[in-house]
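Student: Mind having a look at this structure? Questions to follow.
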């Protein structure tokens, strides 16, 4: 009997750890079941209840963070993962999840920081290095990405993804020679890859090697004539080498394939324009202009095409619209002329300053202050008070400016005070009135009247 009791006790002691483990795993399994059935908020609630009993359970913390991430509660997910990280700072599952959540939340710097930690914990793992390189690329740290990718390339030069990423990084940094090398290398691994063919042709276009870019796209189209991106590149190359008929043909194919982008429509219009087919050109320029009514170049070509296809009134309207788009407003142009007048005057070229002030008034005749400045320019800088008189009179005929605009600008005041000959202490209106009286009295004394 005693022996039987001992056996039962021994068996119980052996089974206790299994019961404990089963109880420990049971909440995690239920959590996974909730996540797999997309009950994420319920999973978070259940995880919180379980963590009140077992706050150090890393599996529960990890699953809770995954549930929070699924409903875009990134800040709470990061808090949960940071808690798990404090319990085990070398847990790669936790760190990898933390890196991904930082990435999803848009905090690339923190994601990179965690990614570097993971790569340091398992330096032989290519996957973690590739993740880190991708994070650098997303953050536009292209040189750092290259530093991570180059050792991976040297350990396996046949890895298409690594070669492709190196090509992209060098392309972003405008190191064309290296970008070309890795583009060509990638196409040796996977010939006719459309993305790398596109990248290679773009680099040659950037290098002004249009014929080479054309050849690359033409060869690819013999392999697959249905790729719209390469077809568009080929059409553009034809345009650049002045084969406008071929260019129009290829761009029309792009349209039939559903490419209605502004670029395609605009260059189809230009291809017809270069062939003097103005009716056809106008139709596509109008369509491109509707895509973007701020494009002055398209507006111009539409106007010219309409004029040359005998719709002169419409053409003139759009040519005038082009001018309006390219020229600044009268008020803004007036300000530019006024500032140029001030700059020339400061350099001692007051005569040139007068010319620009006249232009400023012409562009913005409603600005009464400019009349005062012209009078002042003649009176003070050119010492021609008689020529200043008409402008003082014109200024005084108009309603004086508001009080906050009446004082001469500070730079002019300091310049005038520095000369020791004249200082404006009152309003423009007061100053003009006084100067008009002084100049008129002096002129009358000399026996010569001044009229305007």
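Student: Would you check if there is a residue in segment 286-305 being modelled with pLDDT of 95 or more and within 27 Å of residue 226 (Cβ to Cβ)?
Tutor: Checked segment 286-305: at least one residue is modelled with pLDDT of 95 or more and within 27 Å of residue 226 (Cβ to Cβ).
Student: Whether any residue in segment 246-264 is in a helix (DSSP H, G or I), within 26 Å of residue 328 (Cα to Cα), at pLDDT 95 or above and under 26 Å from the mean Cα position of the chain (by Cα) is what I want to check.
Tutor: For segment 246-264, residues in a helix (DSSP H, G or I), within 26 Å of residue 328 (Cα to Cα), at pLDDT 95 or above and under 26 Å from the mean Cα position of the chain (by Cα): present.
Student: For residue 346, work out the one condition from (1) under 30 Å from residue 328 (Cβ atoms); (2) at pLDDT below 65; (3) surrounded by fewer than 15 Cβ atoms within 10 Å (Cβ to Cβ) it doesn't fulfil.
Tutor: (2)
Student: Here's a follow-up. Would you be able to tell me the number of residues in segment 77-95 that are part of a helix (DSSP H, G or I) and free of Cβ contacts under 8 Å to residues at least 24 places away in the same chain?
Tutor: Number satisfying all stated conditions: 7.
Student: Does segment 313-321 include one or more residues that are surrounded by 14 or more Cβ atoms within 10 Å (Cβ to Cβ) and part of a loop (DSSP other than H, G, I, E, B)?
Tutor: No, segment 313-321 has no match at all.
Student: Please indicate, with yes or no, whether at least one residue in segment 113-130 is more than 24 Å from residue 67 (Cα to Cα), outside any helix (DSSP H, G or I), within 26 Å of the chain's Cα centre (by Cα) and in contact (Cβ under 8 Å) with a residue 24 or more places away in the chain.
Tutor: no
Student: Inspect segment 224-232 for any residue being out of contact with any helix residue (DSSP H, G or I) (no Cβ under 9 Å at 6 or more places or on another chain) and under 30 Å from residue 158 (Cβ atoms) and give the result as yes or no.
Tutor: Yes - at least one qualifying residue is present in segment 224-232.
The values are calculated or read from the model by the stated rules, or taken from the named source; none is laboratory data. A quick note: this is a predicted structure, and the numbers were derived from the prediction, not measured. Using ideal geometry, Cβ is built from the backbone for each residue, glycine included, and neighbour counts are taken over all protein chains shown.
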